[in-house]
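The block underneath contains the structure these notes are about, expressed in structure tokens.
The values are calculated or read from the model by the stated rules, or taken from the named source; none is laboratory data. If you're wondering where the values come from, they're calculated on a predicted model, not measured in any experiment. These area figures cover heavy atoms from the full protein model, side chains too; ligands, DNA and RNA do not enter into them. Shrake-Rupley method; radii C 1.70, N 1.55, O 1.52, S 1.80 Å.
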Amino acid sequence: MAGFRDFLTRFRPAATPGRAAPGGVPADRSAVFAAELVPPLALLDQAEAEARSIRERAARAAEEKRREAEARAEQIVAAAHADARLVRAESADRTVHEAETEAADLRDRAIHEVAAVRERATARMPLLIDRVAALTAEELTPLREPSSTTSTGTSREGPP
């Protein structure tokens, strides 16, 4: 059932004001407009379906690219972990080699220092032996003398 408003729209002027128009009921403009819009709206429905199809294909392509990127990222991370192990091993080897080289250098320097100390000791030994012998002889000389006092004036006699 048509509404009251639709009923009233039938009596709107059908043409511009002027001479009287032939008798009859004016044309239903809403039906004319609806008939006019059906082909473009059908085209819009078709365009909307095509746009939906394009969006779905784009979403599938984006999902596929995301999965590929995720797989590639996992490969890169795995390769980085493997490379990190290799780099750590190389670094450890290099550090051990440097430490061994430094230890060898220290050992060589220590050997040279020991040899230098032995040479100095060997060179100084006769003088030091002579000096010790002279000091010992000097200390023992008062004991050989018949005097009962030392150079400090104290008695060197034994216990009573």
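Just a few scattered comments:
- You will find that of Ala47, Ala69, Ala73, Ala34, the residue that is open to solvent by less than 80 Å² (accessible area, probe 1.4 Å), more than 33 Å from the chain's Cα centre (by Cα) and either modelled with pLDDT of 95 or more or more than 30 Å from Asp6 (Cα to Cα) (or both) is Ala47 and no other.
- Here the stretch 124-160 is the region considered, the condition is being among the hydrophobic types (A, V, I, L, M, F, W, C) and open to solvent by 70 Å² or more (accessible area, probe 1.4 Å), and the residue that is modelled with the lowest pLDDT is Leu143.
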